[in-house]
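The values are calculated or read from the model by the stated rules, or taken from the named source; none is laboratory data. What you are looking at is a predicted structure, and each value in this text was computed from that prediction instead of being measured. No Cβ is skipped: glycine too gets one built from the backbone with ideal geometry, and neighbour counts run over all protein chains shown.
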Amino acid sequence: MKKMQFKTDINAPVANVFSIMLDKETFRQWTAVFNPESDFETPSSVEGNWHKGSKILFIGASKTGKREGMVGWIRENIPNKFVSIEYTGIVDGDDEITTGPVAEEWQGFENYSFAEKNGTTTVTVDIDVNDEMVDYFAVTYPKALEKLKEICEA
């Protein structure tokens, strides 16, 4: 597991950036860079619940069309400041695998920090990355943040 950090400056107020980053429709737009079918599901009745303690499944489709993704828990959500997601395993079809070697390879945190200065918001992402995904994230995460910036500044 490697810790990686990505940053971008967005010419928009922090409240707008925070909302756009986590809103279901716009989340799907900027995370499509990772997977064209990127989405999130909440097993509760509250759609798009990013509240502390909430479980969220971050899903997409494999190259063969199979449902896959990550099992996440919102460990902290301080509006317009910080969101912490703990990944506890993977989604494999209709199964959630949260124990054993496969799950352990993907367990870690993804933290979003937000800071505004003079109308520009800096988004910092600190993420634990599975060793086999380091090169992928090094290329793809900056592209995703560029897409987020584009959406926020539109």
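Among what's in segment 73-96 and is over 28 Å from residue 7 (Cβ atoms) and of a type in the set (D, E, K, R), pick the residue that is surrounded by the fewest Cβ atoms within 10 Å (Cβ to Cβ).
Among residues in segment 73-96 that are over 28 Å from residue 7 (Cβ atoms) and of a type in the set (D, E, K, R), the one surrounded by the fewest Cβ atoms within 10 Å (Cβ to Cβ) is 94.
With respect to residue 26, determine if the residue is of a type in the set (Ser, Thr, Tyr) and either over 13 Å from the mean Cα position of the chain (by Cα) or within 17 Å of residue 133 (Cβ to Cβ) (or both). Spell out the reasoning first.
Values: of a type in the set (Ser, Thr, Tyr): yes; either over 13 Å from the mean Cα position of the chain (by Cα) or within 17 Å of residue 133 (Cβ to Cβ) (or both): no.
Answer is no for this residue.
Considering every residue within segment 40-51, establish whether at least one is buried (at least 16 other Cβ atoms within 10 Å of the Cβ) and in contact with a helix residue (DSSP H, G or I) (Cβ under 6 Å, 6 or more places away or on another chain).
Yes: one or more hits.
From 136, 141, grab the single residue that is at pLDDT 95 or above, of a type outside the set (S, T, N, Q) and touching a strand residue (DSSP E or B) at 6+ places or on another chain (Cβ under 6 Å). Break it down stepwise before answering.
Values: 136 fails: touching a strand residue (DSSP E or B) at 6+ places or on another chain (Cβ under 6 Å).
The match here is 141.
So which residues in segment 126-150 are surrounded by 19 or more Cβ atoms within 10 Å (Cβ to Cβ) and aliphatic (A, V, I, L, M), if there are any at all?
Those that are surrounded by 19 or more Cβ atoms within 10 Å (Cβ to Cβ) and aliphatic (A, V, I, L, M): 127, 129, 144, 145, 148.
Looking only at strands (runs of 3 or more DSSP E) that lie completely in segment 1-77, which have at least 2 residues being of a type in the set (A, V, I, L, M) and out of contact with any Pro (no Cβ under 6 Å at 6 or more places or on another chain)? It would help to see each step written out before you state the result.
Working: elements: 2-10, 39-41, 55-61.
Strands (runs of 3 or more DSSP E) meeting the threshold: 2-10, 55-61.
Specify which of the listed residues (141, 112, 87) is hydroxyl-bearing (Ser, Thr, Tyr) and not in a strand (DSSP E or B).
Answer to the check: 141.
Being over 23 Å from residue 79 (Cα atoms) and acidic (Asp, Glu), is that true of even one residue in segment 17-24?
There is no residue in segment 17-24 that is over 23 Å from residue 79 (Cα atoms) and acidic (Asp, Glu).
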